[in-house]
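The values are calculated or read from the model by the stated rules, or taken from the named source; none is laboratory data. Computed from a prediction, not measured in an experiment: that's the story for all the values here. A quick note on method: Cβ atoms are made from the backbone with ideal geometry, for glycine too, and the neighbour counts reach across all protein chains shown. For accessibility, only protein heavy atoms count, side chains too; no ligands or nucleic acids. Shrake-Rupley method; radii C 1.70, N 1.55, O 1.52, S 1.80 Å.
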Amino acid sequence: MSDFPEPIHDNDLAVETARPKLKRPPLYRVLLLNDDYTTMDFVIDVLTQIFNHDEEKAAQIMLHVHQKGAGICGVYTREIAETKVEQVLQYAQAQKHPLQCTMEPDDD
Ligand code: TYC
């Protein structure tokens, strides 16, 4: 037996199709900046350890940054990008490298 009385009629109910909100989160690029002092080996280490690139891709990104002044290490949601930037800066400081890392919205 139901707890609720049967509806007398339902012909005048407003029916709306469910439209679940599934907007993608904004993404951010994490960038490495060139400098004259950080060793190439250390930058490759950062790119393999923190950004999970293989050695070949890491060397390619490092050379791009070295030649162009900046380059993208990866694209992430905001909190992950923030964590990557912090990890790079902490690791660089601990190893006495002036390496700089930043993030920017990936809108295109
Ligand atoms: N320019 C550095 C050198 O000649 C290498 C380097 C590459 C530094 C990329 C920082 O993000 C960087 N030793």
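Overview of results
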| read-out | value |
| --- | --- |
| Fraction of accessible area attributable to carbon and sulfur, the chain (%, probe 1.4 Å) | 51 percent |
| Cut-off 17 Å (backbone N to label point 7 Å along Cα→Cβ of Asp106), residues of segment 54-74 | 54, 58, 61, 71-74 |
| Environment charge at Tyr91 (Cβ cut-off 12 Å; Lys +1, Arg +1, Asp -1, Glu -1) | 0 |
| Solvent exposure of segment 20-108 as accessible area per residue, Å², 1.4 Å probe | 69 Å² |
| Proximal lysines to Lys23, defined as alpha-carbon separation beneath 25 angstrom and excluding residues fewer than eight positions away on the same chain | Lys84 |
| Accessible area of Glu56 in the full protein assembly, 1.4 Å probe (Å², nearest 10) | 150 Å² |
| The chain: equivalent-ellipsoid semi-axes (sqrt of 5 x gyration tensor eigenvalues, Cα, Å) | 52, 15, 11 |
